[in-house]
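Student: Below you'll find the structure I mean.
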Amino acid sequence: MYTSFMNTLYRSIIVSFIIMAIAYQRSLALTCYDNTNPGGEMQTLSNDEWTFCAFIPESSKTKGKVFGIGPASDDVSPYMLAFGDSEPGYQVLTMCTYEQYDFAQILNKQLPKEYLFRCVCNYDKCNQLNTFENYLTNLGGSSAQ
């Protein structure tokens, strides 16, 4: 009877530990808005491999996009440098870049250069999709970690 009680107690402790470990891991995952699915529907996704949430403003040529990025999907080293420059009284909340992609050079094909303006941020749900002006306004009211 004592052995049965100990086995039950042992299993309960193991199950509790596993549940706490999963909850802890999920708490570390960055949560970003995402509309890159085939239907373009807005979702809130969490992924522990993401380092940043990204926001591409809507333009006359394309709809706006929001998604998460990490080292597996993007070169995040420039962003890591910028966000790592925080100190007491100063914190980088968002970094916006204007990028040029020369796919003709990369793919060895005759293709025009492409340009992309995107912003990245590193706290939960910081990449809300709306107009760029609203995005900047909302950043001031967001609660960065």
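Student: What spacing in nm lies between the two simple spin-label points modelled at ASP75 and LYS61, each 7 Å away from Cα in the Cβ direction?
Tutor: My value for the distance between the label points is 2.1 nm.
Student: Length gain on complete extension for the stretch ASN35 to THR3, per 0.36 nm per residue less the alpha carbon to alpha carbon distance?
Tutor: Residue separation times 0.36 nm, minus the Cα-Cα distance, leaves 6.2 nm.
Student: Still on this structure, please answer the following. Could you compute Rg(Cα) / (2.2 N^0.38 Å) for segment 47-91, with N its residue count?
Tutor: Normalised Cα radius of gyration, segment 47-91: 1.42.
Student: How big is the Rg/Rh ratio for segment 30-141, C-alpha atoms only, Rh by Kirkwood, two decimals?
Tutor: 0.99
Student: Using 7 Å Cα-to-Cβ label points, what is the GLU133/LEU111 separation (nm, one decimal)?
Tutor: Inter-label distance under the simple model: 3.5 nm.
Student: Rank-order 106-115, 44-53, 90-99 by packing density, defined as the average count of other C-beta atoms within 10 Å over each peptide's residues, highest first.
Tutor: Per-residue mean Cβ counts within 10 Å order the peptides as 44-53, 90-99, 106-115.
Student: Among the lysines, which have Cα under 25 Å from the Cα of LYS63 when same-chain residues fewer than 8 positions away are ignored?
Tutor: LYS113, LYS125
Student: Which of ILE69, ILE56 has the fewest other C-beta atoms within 10 Å, and how do the rest follow up to the most?
Tutor: ILE56, ILE69
Student: How much length is gained if the chain between ASP102 and GLU49 is pulled fully straight, taking 0.36 nm per residue apart and subtracting their Cα-Cα distance, in nm to one decimal?
Tutor: Once the chain is fully extended between ASP102 and GLU49, it gains 16.3 nm.
Student: Right, something else. What net charge do the residues around LYS113 carry, taking every other residue with its C-beta under 12 Å from that of LYS113, with Lys and Arg at +1 and Asp and Glu at -1?
Tutor: -3
Student: Whose amide H sits under 5 Å from the amide H of THR51, counting only residues 5 or more places off or on another chain, with H placed in the peptide plane?
Tutor: Distant-sequence amide H within range of THR51: ILE69, GLY70.
All of the numbers you see were taken from the coordinates with simple rules; none came from a lab. All values derive from a computational prediction rather than experimental measurement. Every residue, glycine among them, receives a Cβ derived from its backbone with ideal geometry; neighbour counts consider all protein chains shown.
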